[in-house]
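The values are calculated or read from the model by the stated rules, or taken from the named source; none is laboratory data. Everything numeric in this text was worked out from a predicted model, so none of it was measured. Glycine also receives a Cβ, built like all others from the backbone with ideal geometry; neighbour counts cover every protein chain displayed. Side chains are part of the model used for accessible areas, which takes the heavy atoms of the whole protein and leaves out ligands, DNA and RNA. Shrake-Rupley method; radii C 1.70, N 1.55, O 1.52, S 1.80 Å.
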Amino acid sequence: MERLIATMRQRILWILTLQLVVATLSARGLAIDIFTRGSEIALGQRVAKEIESQIPLWEEQAQLSRVRRIGMSILSVCDRKDMPYEFKILNIDEPNALALPGGFIYLTRGLLETVTSDDELAFVIAHEVGHVVGRHARKAISQDAIISVLASILLGGASQIIRTAADVLYTMQRLGYSRNQEREADNLALKYMKAAGYNPLGAISMLSKFAERKLRGLERYFSTHPGADERMERLLKQLGINMSTASLKERLPAMLSSSNDPFLPQPICYLSGASIFIAHDGGKAELWTAKGEDGQSKSDIAWYQVAAQSRRIFILTTHQGGTQSHLVMLTLQADLSAQTQHLMKLSSPQTEGRLISLSPDGKMLAATSFENGSWRLALLDIEHMRTSTLPLGDGRTPCNSMVWQAPHSRLFIPVVNEQGQHELLSCTVNDGKLKEVRGWQKLLSDFSNVSLQAYWADASLLIIHATDKTGVEKLLCLNEHTGALHELSSGILEFVIGHSCGKFALTRINNSRHELWVGEMPQLKPKVDAVKLLRTSISEAMPIETREGVSSCSTFSNDGTMLAYAFKPYLSDHWEVWVVNLTRRQAQRIATDAVEPQFITLNHVAASWTVRQSQFAFAISAALGEQRGHAFQPLGAMP
């Protein structure tokens with residue numbers, strides 16, 4: 001009995017000693033970490049499963065897309081990308097946020113109903129990502145778990161490293177994060193916000209709400225946080241803003257309001273039914289509606305395109321029961337009225353807008369037409385109002401989109417031959433006339449669903465999307481000089497080049513989610529393969545949007561600060577037009593029941609917006625100083 005009592009005393013002494021060691025390390029900002037990457041992910045998955053079994057998720061698609069969009073932009077600049085991050089919303093009123101080991105991040109509906117800007121939400125998300133980057137949760141759990149595990153061993157119990165989900169939840173709730181960990185998460189949040197292009201004042205705005213106890217639901221979770229006033233003062237110093245907390249509370253509303261620059265620095269057109277609309281910060285207006293030749297019968301708009309750097313819009317209309325399509329040109333006036341000019345008629349109405357294409361300089365317009373049993377290519381020289389045609393060849397049928405080599409020297413056309421195989425044709429344009437047709441007959445014979453995406457003139461590369469024999473989506477490029485076909489990437493559905501801004505946008509599919517990514521077109525280098533440079537740029541692109549649905553028709557504004565696209569949610573039959581402000585990392589739905597967004601230049605509108613943007617830039621500079629200047633730079637200039 002005495003030996004047993006002595007043994008028990010020795011084991012208890014070991015446990016007390018271990019508790020003292022852990023407490024001492026914690027007080028010095030050190031932590032014992034018993035988890036590997038795999039066990040951390042497994043732990044997070046178990047906790048996440050337990051949470052979702054007790055609290056329902058909020059599946060509101062617009063808010064979920066918003067959270068994921070902001071989350072992806074933060075992840076693209078964070079220091080720990082090896083976790084399977086997930087962002088979900090819990091359907092509870094309490095404003096709260098939680099980062100689990102492994103990168104499983106939860107926000108609550110109450111929090112989303114409380115934040116008033118993407119910048120505030122970005123701070124919350126970046127703060128939680130900071131906890132994952134700093135491995136704070138798993139370290140907090142490790143300190144408690146190692147004592148529990150060793151105690152069970154010393155006292156004769158079963159050994160376990162990862163306890164039940166309920167035990168882990170209890171531990172996290174009881175221990176919380178240390179003040180040092182909270183400060184580190186704040187510092188990382190500010191760093192990631194600035195790198196991802198969010199206004200760092202959003203962090204101050206969010207903390208001010210916490211200081212005013214507007215987020216009472218967070219008090220229990222943030223019981224170990226440093227005081228909100230202390231956090232604001234520390235972050236203000238990092239931003240180079242020298243003012244007291246009391247002064248900040250008075251000036252913050254004005255500082256935030258000065259950040260509300262116009263969302264649309266360039267107006268945008270879109271197609272809705274048989275009408276073309278224009279949207280800008282002042283509202284929306286109907287520009288033009290297609291009508292029959294009698295002015296009464298119904299017509300449809302099969303295709304339209306805005307000429308770059310001009311007020312001209314070209315439109316192809318079809319009429320019910322008609323045998324011809326009509327090509328018209330609109331010229332917008334200062335009051336947004338439109339002068340209409342009929343350009344030409346095309347036989348056999350073209351219901352596919354992709355069978356007509358405007359050159360990048362807006363001077364040439366090409367269209368396919370079916371005449372006398374075969375397909376021909378017609379070219380309209382818009383400046384001189386003259387046309388020329390060339391046959392595409394016996395048995396060849398045009399398909400999908402045509403692509404120009406800027407400004408209008410060459411046109412590429414995908415066709416399908418009599419055997420059902422894809423071919424690629426190239427037509428030379430000289431002095432406003434079609435001169436010759438060149439073909440690559442065997443180049444694309446092993447692919448289906450061929451669609452031409454863009455032409456990179458600097459490297460003479462034609463970007464092509466196609467599906468291989470195994471059903472995999474491929475992004476390819478053709479070197480026009482060598483005739484060689486190269487694979488750039490897989491899983492990319494659309495690739496768009498903003499020629500005036502030097503950026504590109506691509507659409508990926510990730511399970512059921514469509515993701516939009518943006519990157520910089522590479523600069524050619526001596527003795528460096530252009531294909532390799534483009535592959536690298538694609539791999540370095542940054543995520544912008546992720547949505548549960550289908551997206552298409554991405555297009556850049558002239559200055560590259562805006563990206564517009566059409567989107568259809570999976571559970572809806574209606575298309576929507578969305579615009580992403582790449583500088584501010586914010587997205588807005590511009591219109592419903594709408595497709596084909598295209599930016600247009602209107603100088604009289606742009607001039608008034610330029611003044612407002614200058615006022616905005618001055619206000620932000622005065623408030624934040626030079627230290628945070630890069631936070632509002634375009635995506636391509638971000639570090």
* So, of the residues in region 369-415 that are under 25 Å from H499 (Cα atoms) and aromatic (F, W, Y), which turns out to be least open to solvent (accessible area, probe 1.4 Å)? -> F412
* region 469-493, residues that are assigned to a strand (DSSP E or B) and among the aliphatic types (A, V, I, L, M) -> L475, L476, L478, L485, L488, I492, L493
* To do: State which residue pairs qualify: first residue closer than 9 Å to L358 by Cβ and at pLDDT 85 or above and inside region 303-329, second residue polar (S, T, N, Q) and not in a loop (DSSP other than H, G, I, E, B) in any location, beta carbons under 6 Å apart, and separation of 6 or more residues or different chains.
  => V306/Q598; F314/Q305
* To do: Please tell me if Q419 is more than 34 Å from the chain's Cα centre (by Cα), assigned to a loop (DSSP other than H, G, I, E, B) and surrounded by fewer than 20 Cβ atoms within 10 Å (Cβ to Cβ).
  => yes
* Taking R612 and the conditions (1) assigned to a loop (DSSP other than H, G, I, E, B); (2) charged (D, E, K, R); (3) at pLDDT below 85, which numbered condition does it fall short on, given that it satisfies the others? -> (1)
* Return the total of residues in region 72-116 being within 21 Å of the chain's Cα centre (by Cα) and outside any loop (DSSP other than H, G, I, E, B). => 13
* Examine region 424-437 for a residue that is modelled with pLDDT of 90 or more and farther than 30 Å from P391 by Cβ, and state whether such a residue exists. => no
* When region 539-566 is examined, which residues are found to be of a type in the set (A, V, I, L, M) and surrounded by fewer than 18 Cβ atoms within 10 Å (Cβ to Cβ)? -> V550
* Within region 542-599, restricting attention to residues that are closer than 18 Å to Y270 by Cα and not in a strand (DSSP E or B), which residue is nearest to the chain's Cα centre (by Cα)? -> S557
* Asked: Any residue in region 494-504 that is open to solvent by 50 Å² or more (accessible area, probe 1.4 Å), modelled with pLDDT under 90 and either in contact with a strand residue (DSSP E or B) (Cβ under 6 Å, 6 or more places away or on another chain) or outside any strand (DSSP E or B) (or both)?
  -> yes
* To do: Identify, from the list I92, I74, the residue that is of a type in the set (A, V, I, L, M, F, W, C) and open to solvent by 40 Å² or more (accessible area, probe 1.4 Å).
  => I92
